[in-house]
Amino acid sequence: MTSAVITRSHFVITGQVQGVGFRPFVYRLAVECNLTGWVLNDARGVTLEVQGPPAAVDDFAARLAAELPPLATMATCERSAAEVITGEQRFEIRPSEGGELADAQITVDVAVCPDCLREMADPADPRHRYPFINCTNCGPRYSIVAAVPYDRPNTTMSGFEMCPLCRRQYEDPADRRFHAQPVACPECGPTVRLIDTQGITIDCDDAIAAARLRLQAGDVVAVKGLGGYQLACLANDEHAVGRLRRRKQRDAKPFALMVRDVAEAAELCQVSPAAVALLESPLRPIVIMPRRPGRRVAREVAHGLDTLGVMLPYTPLHHLLLERPMGPLVMTSGNYSEQPLVREDDEALSHLCGIADVMLVHNRPIERRVDDSVVQDSGGGRTLVLRRARGYAPQPLRLAEPIARALDGAPPVLAVGAELKNTFCLLSGSRALVSEHIGDLKEGRTYRHFIDTINHLEALFDIRPELLAADLHPQYLSSQYAHRRHRGELASGEGCPGGKPPRDDSREGLPIELVQHHHAHIVSCMAENGCAEGVIGIACDGVGYGDDGAIWGCEVLAADLQSYRRLGHLRYLPLIGGDAAAGQTWRPAVAALHEAFGEGFVRHLDALPLRIARDQLSAAIEQLTMEVNCPPSSSLGRWFDAVAWLCGVTDANAYEAQGPMLLESAIEHGVDREYPFALTSTGPFTMELQAAIEGIVADHRRRVTPGVIAAKFHNTLAAMLAAAAARARDETGRTIVALSGGCMANRYLAARLVHLLEADAFKVLMHRDIPCNDGGVALGQAIVAAARKKVARASRP
């Protein structure tokens, strides 16, 4: 060819294009188009040049964007003309130039791809029915990596030497398994076996088929998954589900289900197009969807709820386990309730032997425990990540330009998050790395996992924090960790459960910024939506430490990235018994009745569906009268608890937010009425619900059904919060509303509130990929701390 008949184009591509098989994809595409040139990774993303006939180069450019690998996303693609190189004979993958993206090597764990599934089903394929089949486009990543660079010796596959077949595919840039670090086959890779609870191998020809038979017989089977062990049983077997619940010590919290395909999911739930996309995505989260009427699963799977959490198989082993119809499986975390996910084999034998009847295990070690992610189908095409874990973490959030500009020059930050649903965040430059779900730090093993994961991610992503961010609450274990690190005390192990010091934490003390809980919620929502200007923030949840020492939980804020002002809040309600009020729903109910009717509230109890023991009632009245152990709270979560008790849906929260979830499930749809509420005229204004309680009691006397009462209460809250936003607009002139806090996971409340706000000409910001609950707080903490530090530096003479 001569330069007269060929052309050359230079491409610079940004986005998720490193560590996802993008270079071999470009190589194969260029070869198919008969083009010469090269491709390499660099600090911007991927740079490449192709040369050939103009039509072929144009075809390559079109297919480059249209045929991306499953895990790749293209943010920008800049094409420019380049000088034709005479004599170039081939297309090549060149070594990285100028440093790869700092986070490119650690990508997320993803579901087995269709190509591998086809090979696994082909009797003529060398990997026929192989439960660890994978390629560049699928399989384990984060859960198996111990260190960078992400090469096989630094993963838990280091003990498996590749056979000639796997080696040849691994080294061939034209092959789908080019540089797929976990590549393996039956000749050289991990194997699976079935063992009893003593660790003794059960003799069988096919361990997975034998495990399937045990499930069909009603047994509980522990399955070693991608990021830890799972516990499985038949979801339609009342006795098996009941045994699992008792053994796992999980009283009422709903179980997740695994089904073969979308068709089976549609038999259980109303599956929207958005839900289908989530179920079949490479990330394969648990998707919470409205359930269909009828008992197709055991009552104890999700008693009292109108939703089910469903996922599809995401490992080859899962597909083989479910290859023959047997109905949905309960597939829940392998642990005792509230403890960390079990990942090590000896740990599984010691911790799960009292729960499982048999164990389906394999010999590929798990480096990082990563639980299943949970995503909610909120209706109207809107989805919300509730638990960000496998498939989502540790993929960094790329901050939008307005946020990145506002933080430019700020130091790297470690934000340690909340105490429940804990995640932490490492912020460096324009990327925010929110960790996988950690859990409740009050459990000692979870707290140690929290510290270990901080150290692990700092090392993997080469981020050395220069600033700490923590919640105001002095008793949060996450905040206590930050304060100890601030004082340089962590090397001694002081305050660590069991007295064990964290690994490699003898660093000098770091400066610390304390961030109010609800401000962090709002800024988290702002950051996810790329909003750097001032907003009206509405944060509604169960508990957050307030500036005045009270328990906050329904706040209207004028917020920006650095600061906030409290414009309004729900009127304080005394929490009878302090922390006990979060578990026993009658306590906030009695306080609400006392607020509405005064000391004569007792005469109204006969209209209510539940009763209180006389000694409990007497003690509560005495506490209220003497103001003993009745801390004030503006928490909306406690009002949900109170109304759940008043409606008779529950008298206690067996798990966090059970009462509110049951109350939402009880809603009778089609009810547009609401109860009275009030907003005071002074500021910060208060939102008053006493009249609503009076209306609820009156409805009970008229024998109005709990479903109607639940609907009217939700309608009242939406109207009240919309009115509060309007009051805030009058005061501030702001027209953007950011909604955050765990209460915004309530599908009915969120949808109705958004409708009212948008009808009143507000622009509404909501969470999507970052949890609205405490799992998103760390991101907000990090942004606030960085923004404050930048402002402080700019103000120095």
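The values are calculated or read from the model by the stated rules, or taken from the named source; none is laboratory data. From a predicted model like this one, the values you see are computed outputs, not experimental measurements. Cβ placement follows ideal geometry from the backbone for every residue including glycine, while neighbour counts extend to all protein chains displayed. Please note that ligands, DNA and RNA were not included when accessible areas were found on the heavy atoms of the full protein model with its side chains. Shrake-Rupley method; radii C 1.70, N 1.55, O 1.52, S 1.80 Å.
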Q) Inside the stretch 268-364, counting only strands (runs of 3 or more DSSP E) that do not spill past its ends, which hold 2 or more residues that are at pLDDT 95 or above and open to solvent by 20 Å² or more (accessible area, probe 1.4 Å)? A) 286-290
Q.
Just checking, does the stretch 730-738 include any residue being closer than 17 Å to Ile536 by Cα, polar (S, T, N, Q) and in contact (Cβ under 8 Å) with a residue 24 or more places away in the chain?
A. yes
Q: Show the residue pairs that are 6+ apart or on different chains and have beta-carbon atoms under 9 Å apart, the first residue being within the stretch 411-422 and closer than 17 Å to Gly444 by Cβ and open to solvent by 10 Å² or more (accessible area, probe 1.4 Å), the second being at pLDDT 95 or above and of a type in the set (Ser, Thr, Tyr).
A: Glu419/Tyr476; Glu419/Ser478; Glu419/Ser479
**Q.** Among the candidates Leu68, Leu64, Leu48, residue that is surrounded by fewer than 21 Cβ atoms within 10 Å (Cβ to Cβ) and either in contact with a strand residue (DSSP E or B) (Cβ under 8 Å, 6 or more places away or on another chain) or not in a loop (DSSP other than H, G, I, E, B) (or both)
**A.** Leu68
Q | Single residue of the stretch 756-778 satisfying the filter (in contact (Cβ under 8 Å) with a residue 60 or more places away in the chain and open to solvent by 60 Å² or more (accessible area, probe 1.4 Å)) that is nearest to Asn715 (Cα to Cα) | A | Arg768
(Q) Contact list please: Cβ distance under 8 Å, first residue in the stretch 240-253 and at pLDDT 95 or above, second residue open to solvent by 70 Å² or more (accessible area, probe 1.4 Å) and in a loop (DSSP other than H, G, I, E, B), pairs at least six apart or on different chains. (A) Arg245/Asp251
Q. Looking at the stretch 695-718, is at least one residue assigned to a helix (DSSP H, G or I), within 30 Å of Arg565 (Cα to Cα) and open to solvent by 10 Å² or more (accessible area, probe 1.4 Å)?
A. no
Q. Looking at (1) more than 20 Å from His449 (Cβ to Cβ); (2) buried (at least 24 other Cβ atoms within 10 Å of the Cβ); (3) over 14 Å from the mean Cα position of the chain (by Cα), which is the one condition that is false for Val375?
A. (3)
Q: Check Asp261 against each of (1) at pLDDT 95 or above; (2) of a type outside the set (S, T, N, Q); (3) more than 21 Å from Tyr130 (Cα to Cα) and name the one condition it does not meet.
A: (3)
Q: Mind listing just one residue for me: the one in the stretch 170-180 that is crowded, with 21+ Cβ neighbours inside 10 Å and not small (Gly, Ala, Ser) and, of those, farthest from Pro131 (Cα to Cα)?
A: Phe178
Q: Kindly provide the set of residues from the stretch 544-576 that are part of a loop (DSSP other than H, G, I, E, B), of a type outside the set (Asp, Glu) and open to solvent by 20 Å² or more (accessible area, probe 1.4 Å), ordered by number.
A: Gly549, Gln562, Ser563, Arg571, Tyr572
**Q.** Failed criterion for Arg167 (all others in (1) outside any loop (DSSP other than H, G, I, E, B); (2) in contact (Cβ under 8 Å) with a residue 12 or more places away in the chain; (3) surrounded by fewer than 19 Cβ atoms within 10 Å (Cβ to Cβ); (4) not aromatic (Phe, Trp, Tyr) hold)
**A.** (2)
Q: Hey, can you tell me all the residues within the stretch 110-133 that are more than 21 Å from Leu68 (Cα to Cα) and not in a helix (DSSP H, G or I)?
A: Asp122, Pro123, Ala124, Asp125, Pro126, Arg127, His128, Arg129, Tyr130, Pro131, Phe132, Ile133
Q) For Ala792, which of the numbered conditions (1) surrounded by 15 or more Cβ atoms within 10 Å (Cβ to Cβ); (2) within 24 Å of Val413 (Cα to Cα) fails to hold? A) (1)
Q) Only one residue in Asp615, Asp579 is under 29 Å from the mean Cα position of the chain (by Cα) and open to solvent by 40 Å² or more (accessible area, probe 1.4 Å). Which one? A) Asp579
**Q.** Condition met for Met162 (surrounded by fewer than 21 Cβ atoms within 10 Å (Cβ to Cβ) and either assigned to a loop (DSSP other than H, G, I, E, B) or polar (S, T, N, Q) (or both))
**A.** yes
Q: Starting from residues that are assigned to a loop (DSSP other than H, G, I, E, B) and in contact with a Lys or Arg (Cβ under 7 Å, 6 or more places away or on another chain), keep the ones in the stretch 655-688 and report whichever is surrounded by the fewest Cβ atoms within 10 Å (Cβ to Cβ).
A: Arg673
